[in-house]
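Everything below concerns the one structure shown next.
Just so you know, all these numbers are worked out from the coordinates, no wet-lab data involved. Please read these numbers as outputs of a predicted model, since none were measured by experiment. Note: ideal-geometry Cβ built from the backbone for every residue, glycine included; neighbour counts use all protein chains shown.
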Amino acid sequence: MEQYEPDRLSGAQLAAIQRSLTSGRGALTRRSLMRAMGFGALAVGGLAGLAGCGIPAAKKEGGQAPASDDHSAAEKVINFSNWTEYMDVSDDKKHRPTLDGFVRRTGIQVKYTEDINDNVEFFGKIKPQLAAGQDIGRDLIVVTDWLAGRLIRFGWAQKLDASKLPHAFANLSAPFRTPDWDPGRAYSYPWTGIPAVIAYNSKATGGRTVDSVTQLLDDPTLKGRVGFLTEMRDTVGMTLLDMGKDPANFTDADYDAAIGRLQKGVDKKQIRRFTGNDYTGDLDKGDIAACVAWGGDITQLRTDNPDIKYAIPAAGYMLSSDNLLVPAKARHRSNAERLIDYYYEPPVAAKLAAYINYVCPVDGVREELTRIDPELAGNTLILPDKAMAAKAHSFRSLSSEEETKYEEKFAKLIGA
């Protein structure tokens, strides 16, 4: 585990965070408004505070998180923090069926709290206690891949006991098994996946398929009707793939070439604009004919508009994840591990996937999901087939220096 270095956010990084909260991946479909709520207080002072001060490191020995006493045997409870609308609920909104099933089976009470509105705000909330080596009052949290990697790197997550995760170990889908920020999933397991693909309005394209970034940038019939995302990792990642580069292993020169290619699309007015998920209205109307888009948005749009199509480029697509972690000093690691493993049982995973409509990271759920909703079971944005899974790519972890440099270049490109 690398040594701790204080994190300081540049102006470009702060702008990227704000884009994410107001219209980016922090504002996806089902969770759209709720992810952005609570941002106001952070915008006034919290982001500035993160930009201006380093984060003290918790004491670490041998690269591991500080030791924690596990009280699971005596205390049958789990304190679980998650995003809003990221759990299945009953029609009357009074029950969470899968969580209720876990409680009935194990006798472990789950204190479930939807108190994560965005990654940066949540990190600012928990970092003082983590840095001091204290329990944050949560046994299980769900955070996006870049923050999961940061917590692991700082020694602020507990290593999981693989012997207590038989279903998770066996059923974790291949595209999620070896992120560079947690090789072999020693500290985390994905809750769900978020794909960035190409979407198009077939009526606006005259019935023609759009299935590559090359088409987006070079097809004259699409001029002025193309959209890319304000999320750097997705837009640059998709462009790197189209150039034959690996987003998990690229150089500064590769990054600059991708930015240059996108800049040409801006200069010749091929690209209409860079957007968060506010592209959905323009795509639905046909004002944007084709764009890089998030799978959750497309699943929702296709429900009401049969002209909305999507394509997986031959070069591949970008896949990020939200992830389950046990924080350092959490009191109930074993109980949390039982809950993680429970959600990797196919019948349980299928019920969750049917509700939240994101990529399910659990193998073996197709038959179970078919029983619930055959149409969802056939949706490759929820259950990628083998061909699609093989095309998934992740953006590599960035050092603080790289993130500052890359976000500044990307901000200049999109005019942020």
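In straight Cα distance, which aspartates and glutamates are under 15 Å from K391, not counting same-chain residues fewer than 8 positions off?
Once the sequence-local aspartates and glutamates are set aside, what remains near K391 is D211, D234, D242, D246.
Does region 243-391 classify as rounded, prolate or oblate by the C-alpha gyration tensor (a ≥ b ≥ c root eigenvalues; a/c under 1.5 gives rounded; else a/b over b/c gives prolate, otherwise oblate)?
Oblate, because a/c is 1.5 or more while a/b does not exceed b/c.
In whole Å, what is the distance between the alpha-carbon centres of region 69-138 and region 350-416?
23
For K269, give me every one of the lysines with a C-alpha distance below 17 angstrom, ignoring sequence neighbours fewer than eight places off in its own chain.
Straight-distance partners of K269: K223, K412.
With 10 Å bins from zero, work out the P(r) of region 168-309 over every alpha carbon pair and list the percent per bin.
All Cα pairs considered, the percentages come to 11, 37, 31, 17, 4.
With label points built 7 Å along Cα→Cβ from the Cα atoms of K111 and D373, find their separation and express it in nm.
3.3
What is the calculated FRET efficiency for L398 to D92, with r their C-beta to C-beta distance and R₀ = 41 Å, to the nearest 0.05?
Numbers: r = 44 Å, r/R0 = 1.08.
After rounding, the FRET efficiency stands at 0.40.
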